[in-house]
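Engineer: A single structure is presented below for examination.
The values are calculated or read from the model by the stated rules, or taken from the named source; none is laboratory data. Keep in mind it's a predicted model, so treat the numbers as computed, not measured. In this analysis, Cβ positions are derived from the backbone assuming ideal geometry, glycine residues included, and neighbour counts consider all displayed protein chains.
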Amino acid sequence: MDEFILALFGENDKLRMNTLYQILVGKKSASMLYYAYGHQLLNIVGIFPHLSKAEYEKIIQRLVNQKAVVILENELVRVKVIPSLFTQEPYCHLNHFRLKNSLTLWRMLQLFLCRLSYWPADYQGPVLENSPFYLLNVDQMIAQMDEEQKQKIYEELSHVFSQMPQDQADFLANTFSGKQISGKTFYQVLPEDLHSPFDICYTLACVERFWSYLMTHTELVLFQLFKPFILENYKQSMLVTRQYYKFGYDVEKIAQIRGLKEGTIIDHFIEWAILDNKFPFEDFQLLTQEETLLDYRYKDLVEENPEISFLQYRLSQIAILKGRDNHE
């Protein structure tokens, strides 16, 4: 884990110690999401939900003892520089914040394909899952099948895998079972030289690369089958706020209708802006799009310009960061 933490710095010379922990375990807030987005860490939000604070602090202390980092005013300042995790295959394809349930989706896909290999005959294969969640949902998928769809699904799978490096495609495909094949576990097909937590991240990166491709090709039958479960990754309350905004309501009115604090609705807008490349920034009176705004604290800015709202301030910063991303 020590090397993994160092690999997260990327182009950042320092990271907030407590906020980095919140990012790793997925303790979500609008301020954490903004920090993660601004420091190119959004794709690992919640990647280690069971990491305890005590274990995290032990890791940091080891890095301090190794003189790899120093702690200054609750910030980790790196001393030892190693290549960024996000410039390496397959880790550059991690998309965990948008696909927190990627492994659940994969288990469902494994069961679905195994059942499909027998269809239209009755399933006579091994027991891959006992959970009603998987069994009932796959039953519903199979009930929609016809020969044309079955052929399309096999063609789509082949196409998606053709868009990936051969080793990553093989890694995933080898976990499928069917009428004439018995799939392996991820552990059995992982590259031998990987150690924790890079083994977990390798699996997640390959799986999330697969689902990310489907999310950008919504016309595919596979995407349509799994769409309801992919959408579960998005905060439902945020989606409701987004819908009210599209109906023409402002923050104050949405808060009244939903019986929520305005601050909660503002958090929804911030999350929406970070996640959606089609967010309607043009609807808002953004501040100057100069990068110096990224260094301003809201408290200091509002002392000089009391009329500036926090939402206006934060959306302006997000717009600057998105503009930077689009030019890279």
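Engineer: Say we look at the stretch 190-235 and pick out the residues that are of a type in the set (Gly, Ala, Ser) and touching a Leu at 6+ places or on another chain (Cβ under 8 Å); which of these is surrounded by the fewest Cβ atoms within 10 Å (Cβ to Cβ)? If you could, list the steps in order and put the result at the bottom.
Structural biologist: Our first condition is that a residue be of a type in the set (Gly, Ala, Ser); within the stretch 190-235, this holds for 196, 205, 212.
Those still in the list that are touching a Leu at 6+ places or on another chain (Cβ under 8 Å) too: 205, 212.
Values: ALA205: 24, SER212: 17.
In this case the residue turns out to be SER212.
Engineer: Right, another one. Hey, among the residues in the stretch 142-163 that are of a type outside the set (A, V, I, L, M, F, W, C), assigned to a loop (DSSP other than H, G, I, E, B) and free of Cβ contacts under 8 Å to residues at least 60 places away in the same chain, which one's nearest to ARG209 (Cα to Cα)? Working first, answer last.
Structural biologist: Step one: list which residues in the stretch 142-163 are of a type outside the set (A, V, I, L, M, F, W, C), which gives 144, 146-152, 154-156, 158-159, 162-163.
If we keep only those that are assigned to a loop (DSSP other than H, G, I, E, B) too, we end up with 144, 146, 163.
Checking the rest, the ones that are also free of Cβ contacts under 8 Å to residues at least 60 places away in the same chain come to 146, 163.
Values: ASP146: 28, GLN163: 10 Å.
The extreme case among them is GLN163.
Engineer: Only helices (runs of 4 or more DSSP H) wholly contained in the stretch 1-97 count here; list those with 2 or more residues that are without any contact (Cβ under 8 Å) to a residue 40 or more places away in the chain and loosely packed, with under 14 Cβ neighbours inside 10 Å.
Structural biologist: Values: elements: 2-7, 17-25, 30-38, 53-65.
Answer list for the stretch 1-97: 53-65.
Engineer: Failed condition for HIS96, given (1) over 15 Å from the mean Cα position of the chain (by Cα); (2) over 27 Å from PHE310 (Cβ atoms); (3) not hydrophobic (A, V, I, L, M, F, W, C), with all others met?
Structural biologist: Among (1) over 15 Å from the mean Cα position of the chain (by Cα); (2) over 27 Å from PHE310 (Cβ atoms); (3) not hydrophobic (A, V, I, L, M, F, W, C), HIS96 violates only (1).
Engineer: Looking at ASP122, ASP139 in this structure, which one is loosely packed, with under 11 Cβ neighbours inside 10 Å, assigned by the TED database to the domain that holds PRO197 and either part of a helix (DSSP H, G or I) or among the acidic types (Asp, Glu) (or both)?
Structural biologist: Values: ASP139 fails: loosely packed, with under 11 Cβ neighbours inside 10 Å.
The unique qualifying residue is ASP122.
Engineer: Give me the residue from the stretch 164-189 that is without any contact (Cβ under 8 Å) to a residue 40 or more places away in the chain, more than 16 Å from PHE112 (Cβ to Cβ) and among the hydrophobic types (A, V, I, L, M, F, W, C) and, out of that set, surrounded by the fewest Cβ atoms within 10 Å (Cβ to Cβ).
Structural biologist: Here the answer is VAL189.
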